[in-house]
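All of the numbers you see were taken from the coordinates with simple rules; none came from a lab. These numbers come from a predicted model, not from an experiment. Positions of Cβ are generated from backbone atoms using ideal geometry, with glycine treated the same way; all protein chains shown enter the neighbour counts.
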Amino acid sequence: MSDPYSPEGELINIHTAFHAGAYQQVLDFDTSSFSPSNALPTRILKLRSQIALGQSKAVASSLSSEKTPDLVAIRLLADFESGKDVSAELGRLVEQHGQANLTVQLVGGVVFERQGETERALEVLSKHEGSLDAYVLLLYFSDIIVSFGELVLGELVYAHGNGLLIGDNSVALIVQIHLHQNRTDLAAKEAQRARKWAQDSLLVNIAESWVGMREGGEKYQSAFYVFEELATNTSTSSPSSLVAQAVSELHLSRLPEAEAALQQAVTQNPESADVLANLVVLNTLLGKKDEAAKVKAQLQAVDKAHRLLSEWAEKRSEFEKARAKYSPKFEV
């Protein structure tokens with residue numbers, strides 16, 4: 001039986017668009033000629049794209065009567081994105097089907113990690129059998145992002161992840177987890193392992209680029225080539241791929257090029273929180289304080305809980321606490 005995700009398989013193009021963050025293209029994809037065996041994977045890709053585009057409530061409603069474990073998992077992901085507590089139901093689903101069902105493993109990994117249960121997420125994802133999606137998510141969660149550019153790149157990766165995960169996404173999820181843990185070494189090992197059995201995979205290229213953005217040096221340029229190809233290809237260009245290109249440009253000190261990529265991303269989606277967050281960083285680096293403040297206000301309106309904003313608030317609070325310990329003394 002042929003692999004539907006191989007270069008010759010019928011899912012390769014829709015799968016590639018999904019991982020590039022081109023979610024609207026996934027929804028517009030004509031799948032009428034696909035074989036019946038690929039009906040469920042295709043439906044999951046489209047449902048996840050809807051979730052990534054902010055249509056979580058519609059997805060949850062459409063799946064309310066579904067009993068198939070894969071679709072129940074997607075409903076729970078949609079409910080989670082809508083702000084509902086799905087811990088108990090998801091825990092039962094993982095217990096019943098998490099040993100063999102990839103979609104259940106991936107959704108469990110995503111939700112558990114975002115709830116701060118990293119070890120539980122890794123335990124669930126470790127059950128995957130040769131899934132690139134799980135490997136890559138493990139990589140991301142092993143590197144805590146420190147600098148502004150890296151911080152926003154991490155959000156980008158997670159945004160990729162939100163449309164997240166089907167087919168070979170287990171590798172992607174594992175990679176992401178290790179990066180979040182600040183374990184670039186483990187992330188690199190997972191990517192190397194995946195490369196041995198998935199040499200031509202887009203996800204492996206992306207995962208290696210994530211790792212390269214942490215390792216720095218000449219790896220910045222290698223990552224740029226991968227992200228630029230995604231951003232300039234009409235079938236994979238999206239705000240996510242453009243943000244990835246822009247962040248790699250920032251690391252290469254090519255600020256005008258980064259600005260051009262982000263402006264193109266704004267044109268595609270002016271309300272993308274990750275695009276706006278990166279614009280705040282870029283304008284700060286360019287010394288455009290007024291513009292940075294303006295974009296920051298836009299970001300707060302779009303996503304007041306965005307990681308960039310929450311970490312800024314946390315740092316400000318810590319500074320104020322430290323400052324309160326000291327009393328200024330003035331000489332008369």
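Before moving on, here are some points about what is shown:
- Were the residues from Ala260 through Trp312 laid out at 0.36 nm apart, the gain over their Cα-Cα distance would be 16.2 nm.
- Counted charge near Thr68, where neighbours are those whose Cβ lies closer than 14 Å (Asp, Glu -1; Lys, Arg +1): +1
- Sequence-distant lysines (8 or more away, or on other chains) whose Cα lies within less than 16 Å of Lys288: Lys296
- Within straight-line cross-link reach of Lys325, lysines at Cα separation under 24 Å, skipping those fewer than 8 residues along the same chain: Lys315
- Highest mean packing comes first when the peptides 248-260, 61-73 are listed by Cβ atoms within 10 Å, giving 248-260, 61-73.
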